[in-house]
Structure formats: C-alpha cells, structure tokens
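Read through the structure below, which is laid out as structure tokens, and then see the notes.
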Amino acid sequence: MENAAILLCAEMRWGKNDYCSRYCCLSGTKSARELQERFPDANVYVLYENLRTLGVHEDLYKEAQRMGVRFIKYSFDEMPKVSYTNGLKLNVKDQLLNIDLEIPLDMLVLSEGGVPTEGADELAKKLRVPCSSGGFFQEAHVKLAPVDTSNEGIYIAGGVQYPKDVADAVAQGSAAAARALTIISRDALEVGGIVSHIDPELCAACLTCVRLCPYGAIAINEDDVAETNIAKCRGCGICATECPAKAIELRHFEDDQIIPMVEQYLLEVKNGG
Ligand code: SF4
Ligand code: SF4
C-alpha cells in the first residue's frame, strides 16, 4: 500500500449530526499511526476540519506526526472530493497552505462519529427521560447533575448520554453507580412535601392524570381509582390542573390556599394597591 487517507468528521458536525463525537479524532489518528507503523514507506494522510485530541491524547497526535503521518485541514465549505478513474483519487484544498491537492489513494477510511442506538427514543419514552436534539438521553443539569435525569432514580452513563471515550464512560459509570447507591443504601426514602393528592371519593378513573403525568407517578389502584406514587411525583401540578373531576390537589398548593391569595391580589389591584 502506498497512499491511505482517513477522513475525520465524516457525517459529523454538519448536516444531520451537527455535534462532535469526541472520540473519532482519537480513533482516526490512532488508526493513522497504526497504518504508518505497518507501512513505514506509505503516505498516510489524516483530513481534519478541526482536530480534537483532548487532554493527554495530544501525545497520540504528536506521535503520529513524528512518525510521518500528514495532517491536512479541510473546510466544510469546500469538502474533499473522491472520484474513481483508473483508481481512487482524492481532491482536497489544504486550508492552511491554501493549495489544491490531488492524491491517488489505495485506501480511504471514513471516521464516523457516534449516533444514538436504534430504539433509544422508544426506551427514553418508556423511562420518561427527555432526549437532547441529537437523540441522546438528556442529563438533568450539565454541571450540577451530570448523571441524573429529570426522572428521579434514573441515572445515565456512557454513550447513551453522548458519544465519549472509554475513560470518560468509566468515570461517568462510577458516578452513576454512586448516585444509585445513595438510594438503594437507605431503608426508607424521604420525599418532597409538594406532591399530588387524589381524593378517591371524587376520582372517576378517567385516566387523564395517568396519561398526562410526565413522571409516570399515577396509576389506577386495586380500588379502581387513581393513586399517586409520592416517591415518583415531582410536584409539577399538571395532573391537578387537568383532572376533570377536580379530584387532585397539590399539597401546600391546595385550592383553599391558592384561591384566597389570588382573590386578595385581585382586590388589591382593583383598589389600586
Ligand atoms: S384525572 Fe381525576 S378523575 Fe381522572 S383518573 Fe385522574 S384523579 Fe381520577
Ligand atoms: S404533580 Fe406532576 S409529577 Fe406529581 S403526579 Fe401530578 S403530574 Fe405527576
């Protein structure tokens, strides 16, 4: 083999998958280094738009450079073109040297990024976990709760959240396990005081609240009326506003607490207060 090229960001960071996969620069550069090692006389090219070998992985990039791998910066506006006439041919504009290159190839490798597993959206719906725009499971807060989800008790780690390298996935797995331990190590769970309460005398078992609760906290019990699982309830109040039988109230936000406040406010507005 004489000429090989590895194209980074294939189908990533533009078009449908407009995010960085974090590991493809690494795996592409690693493959280039392996190729150069096995075929020392070959020309090995890495085409990158923006090379992201994070942290200590910068060493891998430098080592590949030292071994003779050639790195060519391309632009998403002037994508490299591949054609076949009496052999594979690559045309690319080197953005740093501002020159057009034509390279005959024996091998072209597309370094693709990570995409959500097929069916991940269905699983997310079942677990009532929101997904990001890329289709990955969304964490509750990127800095303050990076392995939590908005559905309490469900923690995420690894590629389900977004593509990442093994070291990051292992660290996140440890964090998710530690968060899960804070629940399963207790004999009893404390729940928040602001949870919904359903009056079984009024409930007509119409299922409206069961369908609407974003956290799956309401189910029909053995008495054929709706009942809140207060460990799951997050106190959003959706069920209370939608129940056609007015059977649901949110503790600490009950009608006889809220309505006098609204009435008093309206009275003050009316009196110019
Ligand atoms: S919406 Fe109201 S009436 Fe319907 S099941 Fe829920 S509590 Fe019962
Ligand atoms: S208050 Fe919100 S989370 Fe709690 S049961 Fe009602 S809809 Fe579900």
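Within the stretch 243-273, if we keep just the residues that are surrounded by fewer than 15 Cβ atoms within 10 Å (Cβ to Cβ) and either near ligand 2 (Cβ under 8 Å from one of its atoms) or of a type in the set (Phe, Trp, Tyr) (or both), the residue that is farthest from THR149 (Cα to Cα) turns out to be TYR265. Pick from LEU60, LEU96, LEU90, LEU47: which is free of Cβ contacts under 8 Å to residues at least 60 places away in the same chain and under 15 Å from VAL109 (Cβ atoms)? When all the criteria are applied, what remains is LEU47.
Residues in the stretch 165-187 that are modelled with pLDDT of 90 or more and in a loop (DSSP other than H, G, I, E, B) were compared, and the one that is surrounded by the fewest Cβ atoms within 10 Å (Cβ to Cβ) is ASP187. Of all residues in the stretch 203-210, none satisfies being within 11 Å of ligand 2 (Cβ to nearest atom), part of a loop (DSSP other than H, G, I, E, B), closer than 27 Å to THR149 by Cα and not acidic (Asp, Glu). Against the list (1) out of contact with any strand residue (DSSP E or B) (no Cβ under 8 Å at 6 or more places or on another chain); (2) within 10 Å of ligand 1 (Cβ to nearest atom), the condition ALA205 fails is (1). Could you tell me which residue of the stretch 94-142 is nearest to TYR74 (Cα to Cα), considering only residues that are in contact with a Cys (Cβ under 7 Å, 6 or more places away or on another chain) and in a loop (DSSP other than H, G, I, E, B)? Checking each candidate, the answer is GLY113.
Picking from residues in the stretch 1-44 that are touching a Ser or Thr at 6+ places or on another chain (Cβ under 8 Å) and part of a strand (DSSP E or B), the one that is surrounded by the fewest Cβ atoms within 10 Å (Cβ to Cβ) is ALA10. Here TYR61 meets each of (1) outside any helix (DSSP H, G or I); (2) surrounded by 14 or more Cβ atoms within 10 Å (Cβ to Cβ) with one exception, condition (1). Of the residues making up the stretch 208-226, those that are surrounded by fewer than 18 Cβ atoms within 10 Å (Cβ to Cβ), more than 31 Å from the chain's Cα centre (by Cα) and within 9 Å of ligand 1 (Cβ to nearest atom) are ILE220, VAL225.
The values are calculated or read from the model by the stated rules, or taken from the named source; none is laboratory data. Small disclaimer: the values here were computed from a predicted structure and weren't measured. Reconstructed Cβ throughout: ideal geometry from the backbone, glycine too, with neighbour counts over all protein chains shown.
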